[in-house]
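Below: one structure, written as structure tokens.
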Amino acid sequence: MKLDKQLHVGNRLMDREHAILIEYINTLQGLVDGNSSRQLVGKVLEGLIQHTKTHFYVEEELMYSFRHPDYVNHIKAHEKFKQTMQQLSSQYKHGETNITNELMDFLKDWLINHIQKIDRQLAEFLKDKKLD
Ligand SMILES: [Fe+2]
Ligand SMILES: [Fe+2]
């Protein structure tokens, strides 16, 4: 997974953070492919979740500060994904689930879809707000 043109939203801060999330996902995929230990996979998964939360928080602060008209839907999407990730992490910790390729595909698809649609709208809205 790469932060190519299709995933650029045109806001420097958001693009930079998306690149970090993608790096986490790629690292996780590498560990899954290499059958790494549960401990290591769990650590990277935790890192991904923490970073996702921080990133969502940053976007939400931008939405509040600049009174983005669609913030309710955007925050709902973040909340739903955070819940899913939290559930996944706790199941993984308790040995109730594995990080499968289907799951990795779900994470990637969610991120691509969210960035291309909802985040891009936010970036467009922020364009004339002199952020970067
Ligand atoms: Fe984002
Ligand atoms: Fe977002």
According to a simple spin-label model (label point 7 Å from Cα along Cα-to-Cβ), what is the distance in nm between Ile75 and Leu103? 3.0 nm
For the chain, take N as its residue count and report Rg(C-alpha) divided by 2.2 N^0.38 Å. 1.09
What is the distance in Å between the Cα centroid of segment 1-33 and that of segment 100-118? 11 Å
Within segment 25-89, report the trypsin sites (Lys or Arg not before Pro) that DSSP leaves as loop and that have at most 12 other Cβ atoms within 10 Å. Arg67
Do the sum for the chain: with -39,500 (n - 2.57) for every DSSP H run of n ≥ 4, divided by all residues, what is the mean residue ellipticity at 222 nm, to the nearest 500 deg cm²/dmol? -24500 deg cm²/dmol
Which of the chymotrypsin sites (Phe, Trp or Tyr not before Pro) found in segment 1-90 are loop residues per DSSP with 15 or fewer other Cβ atoms within 10 Å of their Cβ? Phe66
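Every number here is computed from the coordinates shown, using simple stated rules; none is lab data. These figures come from a predicted structure and were not determined experimentally. Here Cβ is always computed from backbone atoms with ideal geometry, including for glycine, and neighbour counts include all displayed protein chains.
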